[in-house]
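Peer 1: Mind having a look at this structure? Questions to follow.
The values are calculated or read from the model by the stated rules, or taken from the named source; none is laboratory data. This one's a predicted model, so the numbers in the text were calculated from it and none came from an experiment. Don't worry about glycine lacking a Cβ; one is built from the backbone with ideal geometry, like all the others, and counts go over all protein chains shown.
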Amino acid sequence: MYPSKDRIFAAIRHRPVNRVPKGELCIDDAVVKQELGCGSVGFEERLEFVDRLGLDIICLSPSYPDPRVIPEPGDIVWEDLDRWVADTPFFSFAVIDGVFGWGVRTLGFKEFLTLPARSPLSLADLVKKVEALNVELSGRLAGRGIDGIIIADDIAYNRGLLTGPKIMREYFIPSLARQFEKIAGKGVSVFFHSDGNYNEIIPDLIRIGFQGLHCIDRNSGMDVFKLQQAYGEKLCLWGTLGSDDLARAADPVYFNDLLENIRLLNSRNGFILGTNSGLFKGIDLGRLIEIYKSVG
């Protein structure tokens, strides 16, 4: 038997695996309820759902007392974390939010994006607070046995970065580097997530030391084959499936081509299959399960 945790460790280390590794960044309760026909979702229901899909990863997202305010570390909860770590065979990732996420949440989108020009000192203070929070959280999570940390920060849209490269490299890249150094020092794997087209800073993320990226959206110009060719020995690439893939997979020709591409990506190592968005109400779950089962 090849346990899920070992399979993901192998993918991160660019080693061969016995089947395509699979994982979802987030799974909405509504999707679990619809698939299982249950009225509420707890640990047991989520475990059954993850088993049914054949996933190797469980991603745990934080709950905040007030998402509009940067909290104290002790106020943040990852539901059932200890049970997922101790009682299941899955590779466990905990999600922590980055500076962009907290900036938009606490200030608003426009106010945050104009902050570098309006008040560099306020931006520096925000960066410092988020860094301190994430370093403290990563220590607590590592101490509870988590396998990996995902810094989730939507820094891009479908055409490129939300802020210019100068601002990105003056404030945000150094912050990510400092966070990575402290988090990786806890002995966990560290991935970066962003929606959109963040091609421009992938070399920066590699220099920092990130082991993997989540969300490889070709509709945003993120070509997984080109990325694998350019960075495949340095980064584990996780994602690639979009809602359009699920819709078009009704066509047998497209379905078979999709499976062939997935198997090719997997044969080159350093690949984890999943949707770019996670599983939310309205997703064609039946088609996704069919894809997951067909690739092995």
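Peer 1: Hey, can you tell me all the residues within the range 78-94 that are within 17 Å of Pro21 (Cβ to Cβ) and of a type in the set (Val, Ile, Thr)?
Peer 2: Once the filter is applied, which keeps residues that are within 17 Å of Pro21 (Cβ to Cβ) and of a type in the set (Val, Ile, Thr), the range 78-94 yields only Thr88.
Peer 1: Which one of Ile58, Ile8 is over 18 Å from Leu279 (Cα atoms) and under 20 Å from the mean Cα position of the chain (by Cα)?
Peer 2: Among Ile58, Ile8, only Ile8 is over 18 Å from Leu279 (Cα atoms) and under 20 Å from the mean Cα position of the chain (by Cα).
Peer 1: Filter the range 178-215 down to the residues that are part of a helix (DSSP H, G or I), touching a residue at least 40 places away in the same chain (Cβ under 8 Å) and closer than 24 Å to Gly160 by Cβ and list them by number.
Peer 2: Gln179, Glu200, Ile201, listed by residue number.
Peer 1: Out of the residues in the range 178-202 that are over 18 Å from the mean Cα position of the chain (by Cα) and of a type outside the set (Asp, Glu), state the one that is nearest to Pro16 (Cα to Cα).
Peer 2: Taking the candidates together, the pick is Gly187.
Peer 1: While we're looking at this one, here's another question. Which of the helices (runs of 4 or more DSSP H) contained wholly in the range 55-150 include at least 2 residues that are among the β-branched types (Val, Ile, Thr)?
Peer 2: Answer list for the range 55-150: 99-107, 120-143.
Peer 1: So which of Ala156, Ala177, Ala132 is aliphatic (A, V, I, L, M), more than 24 Å from Cys215 (Cα to Cα) and at pLDDT 95 or above?
Peer 2: Ala132
Peer 1: Pick out the one residue from Val77, Val32, Val95 that is of a type in the set (Val, Ile, Thr), surrounded by fewer than 17 Cβ atoms within 10 Å (Cβ to Cβ), in contact with a Phe, Trp or Tyr (Cβ under 9 Å, 6 or more places away or on another chain) and closer than 27 Å to Phe9 by Cα.
Peer 2: Val77
Peer 1: Could you please find all residues in the range 14-32 being free of Cβ contacts under 8 Å to residues at least 40 places away in the same chain and either in a loop (DSSP other than H, G, I, E, B) or out of contact with any Cys (no Cβ under 9 Å at 6 or more places or on another chain) (or both)?
Peer 2: Within the range 14-32, Asn18, Asp29 meet the criteria.
Peer 1: Cβ contacts < 8 Å: first residue on the phi > 0 side of the Ramachandran plot, restricted to the range 65-81; second residue surrounded by fewer than 16 Cβ atoms within 10 Å (Cβ to Cβ) and outside any helix (DSSP H, G or I), any location; separation 6+ or different chain. Result?
Peer 2: Final answer for the pair search is Asp80/Gly42.
Peer 1: Separate question: Would the range 100-119 turn up any residue that is touching an Asp or Glu at 6+ places or on another chain (Cβ under 6 Å) and touching a residue at least 40 places away in the same chain (Cβ under 8 Å)?
Peer 2: Yes, the range 100-119 contains at least one residue that is touching an Asp or Glu at 6+ places or on another chain (Cβ under 6 Å) and touching a residue at least 40 places away in the same chain (Cβ under 8 Å).
Peer 1: Looking only at the range 36-54, decide whether some residue is in contact (Cβ under 8 Å) with a residue 60 or more places away in the chain, outside any helix (DSSP H, G or I) and not charged (D, E, K, R).
Peer 2: Yes, that holds for at least one residue.
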